[in-house]
1. State all residues of the range 88-121 that are free of Cβ contacts under 8 Å to residues at least 40 places away in the same chain and touching a helix residue (DSSP H, G or I) at 6+ places or on another chain (Cβ under 9 Å); if no residue qualifies, say none.
2. Can you tell me how many residues in the range 203-219 are at pLDDT 75 or above and touching a Phe, Trp or Tyr at 6+ places or on another chain (Cβ under 7 Å)?
3. Scan the range 181-203 for residues that are open to solvent by less than 10 Å² (accessible area, probe 1.4 Å) and hydrophobic (A, V, I, L, M, F, W, C) and jot them down.
4. Among all residue pairs at least 6 apart or on different chains, which show Cβ distances below 7 Å where the first residue, located in the range 131-147, is surrounded by fewer than 16 Cβ atoms within 10 Å (Cβ to Cβ) and the second is hydroxyl-bearing (Ser, Thr, Tyr)?
5. Among the residues of the range 220-243 satisfying the criterion of being open to solvent by 50 Å² or more (accessible area, probe 1.4 Å) and touching a Phe, Trp or Tyr at 6+ places or on another chain (Cβ under 8 Å), which is nearest to residue 183 (Cα to Cα)?
6. Of the residues 103, 169, 139, 131, which is among the basic types (Lys, Arg) and under 14 Å from residue 68 (Cα atoms)?
7. Only one of 174, 184, 151, 156 is in contact with a Ser or Thr (Cβ under 8 Å, 6 or more places away or on another chain), modelled with pLDDT under 95 and of a type in the set (A, V, I, L, M, F, W, C). Can you tell me which?
8. Being surrounded by fewer than 20 Cβ atoms within 10 Å (Cβ to Cβ), over 15 Å from the mean Cα position of the chain (by Cα) and over 21 Å from residue 33 (Cβ atoms) is the requirement here; does residue 178 meet it?
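The values are calculated or read from the model by the stated rules, or taken from the named source; none is laboratory data. Since this is a predicted model, take the numbers as computed values, not measurements. Every residue, glycine among them, receives a Cβ derived from its backbone with ideal geometry; neighbour counts consider all protein chains shown. When the accessible area is computed, the model is the full protein with side chains, heavy atoms only, and any ligands, DNA or RNA have been set aside. Shrake-Rupley method; radii C 1.70, N 1.55, O 1.52, S 1.80 Å.
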Amino acid sequence: MMRGRGGHGHTDPSSGPGPLAPPMPCGYVKENWLWQANEQCPSVQLSPGRQEVYFHTDPVLESCGTAGVRGDTGFLQGEHYWEIEFLEPPSGLSVMVGVGTSRAPLSAPNLQYLDLLGQDADSWGLSYKGRICHAGGSRPYTEPFYEEGTLIGLHLNMEEGTLTFYKDRQCLGLAFTGLHKVQLPLFPMVSSTSPGTELSLGLRCSTLPTLEERCFSALARNLTQKDSADLLPLPAVVRWKLKNWRTWDVLRPEL
């Protein structure tokens, strides 16, 4: 049964458990991006409004490898936060949420069953089993979650190059850094190997950086160390601001 199709199986994103304050700063605006139809993979179906995605629904074939879908909007700058609700308890080998470039595959080769997000350098993912994956590697990140109605939030900060996950709006900690080095738009993604997986988009919002913030972020990314700022032909107050720019605190290795 696909409860999302009836419009009563998921939570109203505006009435979730608590305010949006933890993941996003003031001044955010709501976004309306949706899932993009994956015409190459018959194992993925979308609701008419493209907010719910259903995996491996064929009653005869059931699951046939790993299938994925991406959002119809990619992010190259600014901060973005979105939530994905598990309309059914996650199960099976792999159900994942994360981000990826347009080069990230939407299905596994040869009908394999695997953690699709993070199989290569073009995607970053969190498994319901609590592991995060990128570039073929993985590590423990949080406790597994098996409950129906679990709400997973993703906070993608393209100015600092970070991705942080939330469970029921409680921060799980920094998961990935260095995403700004990709220099390609990053798209929301989900994937599953399990028949009957049902996921629903909830709250989606963003903030865009000011021109000053974009300049400081660009400079910080291209300086090898803070003291290099003293060599730039800039006013003293600007050099001081640059040396104290928040991006320095997150320029450390990924995963």
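1. Correct list: 121 only.
2. Total satisfying the criteria: 5.
3. 186, 189, 190, 199, 201
4. 144/128
5. Just the residues of the range 220-243 that are open to solvent by 50 Å² or more (accessible area, probe 1.4 Å), to begin with: 221-222, 224-227, 230-231, 233-237, 239-241, 243.
From the residues that got through so far, the ones that are touching a Phe, Trp or Tyr at 6+ places or on another chain (Cβ under 8 Å) too are 226, 241.
Working: 226: 22, 241: 24 Å.
Per the stated criteria, the residue is 226.
6. Working: 169 fails: under 14 Å from residue 68 (Cα atoms); 139 fails: under 14 Å from residue 68 (Cα atoms); 131 fails: under 14 Å from residue 68 (Cα atoms).
Step by step, each of 103, 169, 139, 131 is checked, and only 103 is among the basic types (Lys, Arg) and under 14 Å from residue 68 (Cα atoms).
7. On the way: 174 fails: modelled with pLDDT under 95; 151 fails: modelled with pLDDT under 95; 156 fails: modelled with pLDDT under 95.
The conditions single out 184.
8. Working: surrounded by fewer than 20 Cβ atoms within 10 Å (Cβ to Cβ): yes; over 15 Å from the mean Cα position of the chain (by Cα): no; over 21 Å from residue 33 (Cβ atoms): yes.
The answer is no for residue 178.
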